[in-house]
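So the structure is just underneath, and the comments pick up after that.
The values are calculated or read from the model by the stated rules, or taken from the named source; none is laboratory data. These figures come from a predicted structure and were not determined experimentally. No Cβ is skipped: glycine too gets one built from the backbone with ideal geometry, and neighbour counts run over all protein chains shown. Just so you know, the surface numbers come from the protein's heavy atoms only, side chains and all, with ligands and any DNA or RNA stripped out. Shrake-Rupley method; radii C 1.70, N 1.55, O 1.52, S 1.80 Å.
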Protein chains: 2
Amino acid sequence: MSRTAAPRPRWQRRPAARPDEILDAAFAVFVEDGFARAKLDDVARRAGVSKGTLYRYFDSKEALFREMVRAKIIPCVVQGEELVRTHGGSARDLLVTVIRRMWDTVRSAEVAQIGRLVQFELGSFPELGRFYFDEVIARTRRLLQAAIDRGIASGEFRRVPHHFATRAVASLLVHSAQHQCFFASLDPAPLTDEQVLGGVIDIVLNGVMVRPPSRSKA
Amino acid sequence: MSRTAAPRPRWQRRPAARPDEILDAAFAVFVEDGFARAKLDDVARRAGVSKGTLYRYFDSKEALFREMVRAKIIPCVVQGEELVRTHGGSARDLLVTVIRRMWDTVRSAEVAQIGRLVQFELGSFPELGRFYFDEVIARTRRLLQAAIDRGIASGEFRRVPHHFATRAVASLLVHSAQHQCFFASLDPAPLTDEQVLGGVIDIVLNGVMVRPPSRSKA
DNA sequence: GCTATCTTACTGACCGGTCAGTCACTAAAC
DNA sequence: GTTTAGTGACTGACCGGTCAGTAAGATAGC
């Protein structure tokens, strides 16, 4: 009678799948609680393994945190670089497209949460700051600057001092997105995502575009 | 012989001064370590009292944190409101002045750190979010909007949709300031504070100012 | 194809350090 | 003498990290 029962072992060996599953679980738990409050028991439970297994794949809680950030954020940067490299239209078109795409990225709860986490944990993990600056901030700046430079070359954009337009775009997008994520629910008159995005594009373009020679309305 | 010695008691009762001293110590420690990692023993030592004394003035670690945020951030908002209320010149002048003043505020390590802390701890302290939105974000927006509205009324500024200019100013300032605080040291080619501030003003004005009727250069 | 053997992925009870919060006590100050 | 600000040793919960043990599943031998 019990011949057919229990063909399923109590657990399975799945060494190839474990690391990603653990990173996903770690993301959820670190985002929820922050590094210090996050419990490895929670990560383990969520990943469907025991705590000991975590230590087979990651050296420590810190190492797990670092790998998690890396795994979640790098693909977003690569995607943006791809877009700039392959886009064909006008510079204005490219910039608007980049901004829209970047908005979708930073507006996602996932990335916004990572940004929040990283900024906070910077003080505790110096090497995390180095990594984040080099691999996320600097690369993002470079891809934005490439889009803007194209517009300067074509005469569509003015040459903003100190390449500040790049930083302005990044600041507006990141900060607005985080605001939408964390404060919109508290706002009695929140803006929609479309309104915010439109606002960012409006401010950026009208600060970046060369003034049309004559456009008086009256 | 020992008649003159030891007139100094081992400790003094100073109930009026303790709360502020404890709040200052709490600020330093919370900023350094974040809420979860901060140790009340450290706060006590820094304030020159014992841990038990903390509990005479504050109900819990959480309460201490909330009161600390309140004590550090509100004066900054009040100062900004004052400025807008009393300023006499043109709207452009007022806006630039507000931006400069606000930059000095958010650029200070103290306020940047509070912002970082608050944003991070939002998830753990719902009522902190409510307080921060109502008493910091909303009030700051209102004072910025007052400055911008003055410019719209006088014809100096265009009417940006959804009052987004207000948000753009705040985002640019806060995010740029935090960037200067936390990442400038990692940047191989950092901008000076003056350059960043100039960049913000440039972007904001050229997105906000009504285009001069004719200013063709050629 | 069936069992014996070996490797190693995985488990989970346990340990030691940490720290928020308590309380019985001390002494400053009126 | 009374009040109460202030002390600091203590406690109990919590959690990162360990490790001896278990069993999955691959491989070898027959």
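Quick look at the values:
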| item | result |
| --- | --- |
| Search result, residues across the range B:128-146 that are more than 11 Å from chain A (Cβ to nearest Cβ) and charged (D, E, K, R) | B:135, B:139, B:142 |
| Filter result for the condition that a residue is among the small types (Gly, Ala, Ser), in contact with a helix residue (DSSP H, G or I) (Cβ under 6 Å, 6 or more places away or on another chain) and at pLDDT below 90, over A:151, A:123, A:155 | A:151 |
| Residues (touching a residue at least 12 places away in the same chain (Cβ under 8 Å) and of a type in the set (Asp, Glu)) located in the range A:119-152 | A:121, A:127, A:135 |
| Criterion (modelled with pLDDT of 90 or more, away from DNA strand D (no atom under 13 Å from the Cβ) and either open to solvent by less than 40 Å² (accessible area, probe 1.4 Å) or away from chain A (no Cβ under 14 Å) (or both)) met by exactly one of B:31, B:111, B:43, B:49 | B:31 |
| Considering residues of the range B:147-162 that are out of contact with any strand residue (DSSP E or B) (no Cβ under 7 Å at 6 or more places or on another chain) and crowded, with 19+ Cβ neighbours inside 10 Å only, the residue nearest to the other protein chains (Cβ to nearest Cβ) | B:160 |
| Tabulated pairs, the range A:1-22, first in the same structural domain as residue A:48 (by TED's automatic domain parsing) and within 14 Å of DNA strand D (Cβ to nearest atom), second modelled with pLDDT under 75 and part of a loop (DSSP other than H, G, I, E, B), C-beta under 8 angstrom, 6+ apart or interchain | none |
| Tally, over the range A:171-188, of residues that are within 22 Å of residue A:94 (Cβ to Cβ) and at the interface with another protein chain (Cβ under 8 Å from one of its Cβ atoms) | 4 |
| Any pair with Cβ under 8 angstrom, 6 or more apart, that starts in the range A:153-177 at a residue that is within 20 Å of residue B:174 (Cβ to Cβ) and ends at one that is among the charged types (D, E, K, R) and surrounded by 19 or more Cβ atoms within 10 Å (Cβ to Cβ) | A:176/B:167; A:177/A:107 |
